[in-house]
Protein chains: 2
Amino acid sequence: MLSKKCKYAIHALIYLAERKDKGPVHIQEIADKQHIPKKFLEGILLELRNAKVLHSKKGKGGGYYLHKRPEDVSLVEVIRLMDGAIAMLPCVSLNYYEKCEECRDEKTCGIRDAFVDVRDETLRILSRSTLAQILKRQKELK
Amino acid sequence: MLSKKCKYAIHALIYLAERKDKGPVHIQEIADKQHIPKKFLEGILLELRNAKVLHSKKGKGGGYYLHKRPEDVSLVEVIRLMDGAIAMLPCVSLNYYEKCEECRDEKTCGIRDAFVDVRDETLRILSRSTLAQILKRQKELK
DNA sequence: ATAAAATCTATAGAATTTATAGACTATAAG
DNA sequence: CTTATAGTCTATAAATTCTATAGATTTTAT
């Protein structure tokens, strides 16, 4: 399951994607509109900024705005930043690999295959799901 | 990520699948061989028994053994029993559905689609991964 | 009767997630 | 050049979930 942090991040990003080219948006505004605790959101936006997904402007008239293009921000990227690995087992993760304590031998482990497949399918689907794609879909549904 | 509980369960089940038709196996033996804390394993096996995946026999000469056939126990079932939903969002779960607090309106939510797809692919892959299938794969790899 | 082994209830410890507080820094605007 | 605004940073608290353990009870084979 995605953490709240991750869901908050996704909603905040969609909000910012809808308002791109309209200048910086205050944390407070995002927090209010998306019902996210402001201080919690602060940390989230900061991480997204450090990852170059967002830019920020300090001082009066400041706020956050998208740095990358909406079509270049996928759910994969957001989930990895917020929650870490996409894979269901550490020993199968591409970006957060760790040896399984439980597994005696990775080479002869009969379990990994299935989880490799799940990982690959998940990555495939979540990579093509970008902010641009989500906005488009939202409009279609209205 | 799967919980330790879930990984323990999978390993215990594989161990029992390898020993099926050889009579009940003690908790202690499974715990020793799979390096699982015995008391923790107790609870896991009990849940699997309540779910009719395992049977148990009390008293001397007792222990746990498979109730279902190895080809009828899939990773989906085990994961659902131990960790709950397969889906990455509650509002997309088939067996553990819950409304998203974050979503204002499920009908016009542009995010859900991707996660429905992920869920379906994951289910497809993990359903065909049964204890029998895993044992077979293990032998091939040796 | 006795010993072996699962069952049940309760709880403790650890880790992670979620949320909050307050001081600090940068910037725009008058 | 002061003031108000808004992001940044560090620390910590509260809540929840995950992992592990303890001890008493029940069942069964011998």
Scan of region B:51-60 for residues that are within 7 Å of DNA strand C (Cβ to nearest atom) and part of a strand (DSSP E or B), ordered by number: B:SER56, B:LYS57
Selection status of A:LYS33, more than 7 Å from DNA strand D (Cβ to nearest atom) and surrounded by fewer than 12 Cβ atoms within 10 Å (Cβ to Cβ): no
Selection within region B:1-50 - polar (S, T, N, Q) and more than 30 Å from A:LEU2 (Cα to Cα): B:GLN28
Subset of region A:37-70 [of a type outside the set (A, V, I, L, M, F, W, C), more than 13 Å from the chain's Cα centre (by Cα) and within 14 Å of another protein chain (Cβ to nearest Cβ)]: A:PRO37
Evaluation of B:GLU71 against (1) in contact with a Ser or Thr (Cβ under 8 Å, 6 or more places away or on another chain); (2) within 14 Å of DNA strand D (Cβ to nearest atom) (one fails), failing number: (2)
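With the condition kept exactly as written, say whether any residue in region B:77-87 is assigned by TED's automatic domain parsing to the domain that holds B:THR122, modelled with pLDDT of 95 or more and more than 14 Å from DNA strand D (Cβ to nearest atom).
yes
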Selected residue (only one of A:LYS58, A:LYS38, A:LYS52 is of a type outside the set (Val, Ile, Thr) and either in contact with a helix residue (DSSP H, G or I) (Cβ under 7 Å, 6 or more places away or on another chain) or buried (at least 19 other Cβ atoms within 10 Å of the Cβ) (or both)): A:LYS38
Tally of residues being crowded, with 16+ Cβ neighbours inside 10 Å and either in contact with a helix residue (DSSP H, G or I) (Cβ under 6 Å, 6 or more places away or on another chain) or within 12 Å of chain A (Cβ to nearest Cβ) (or both) across region B:1-24: 14
Boolean, B:GLU77 is free of Cβ contacts under 8 Å to residues at least 60 places away in the same chain and at the interface with chain A (Cβ under 9 Å from one of its Cβ atoms): no
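Of the residues that sit in region A:61-87 and are within 15 Å of DNA strand C (Cβ to nearest atom) and assigned to a loop (DSSP other than H, G, I, E, B), which one is surrounded by the fewest Cβ atoms within 10 Å (Cβ to Cβ)?
Looking at the filtered set, the residue picked out is A:GLY61.
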Some residue of region B:106-119 being closer than 30 Å to A:ILE30 by Cα, within 15 Å of DNA strand C (Cβ to nearest atom) and not assigned by TED's automatic domain parsing to the domain that holds B:HIS11: no
Tally, over region A:47-71, of residues that are touching a strand residue (DSSP E or B) at 6+ places or on another chain (Cβ under 8 Å), at negative phi and not hydroxyl-bearing (Ser, Thr, Tyr): 11
Matching residues, region B:8-24, being within 15 Å of B:LEU66 (Cα to Cα) and within 15 Å of DNA strand D (Cβ to nearest atom): B:ALA9, B:ILE10, B:HIS11, B:ALA12, B:GLY23, B:PRO24
Considering residues of region A:88-129 that are part of a loop (DSSP other than H, G, I, E, B) and among the polar types (S, T, N, Q) only, the residue nearest to the other protein chains (Cβ to nearest Cβ): A:SER129
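The values are calculated or read from the model by the stated rules, or taken from the named source; none is laboratory data. As the structure is a prediction and not an experimental result, all values here were calculated from the model. Methodologically, a virtual Cβ is constructed for each residue, glycine included, from the backbone with ideal geometry; neighbour enumeration extends over all protein chains shown.
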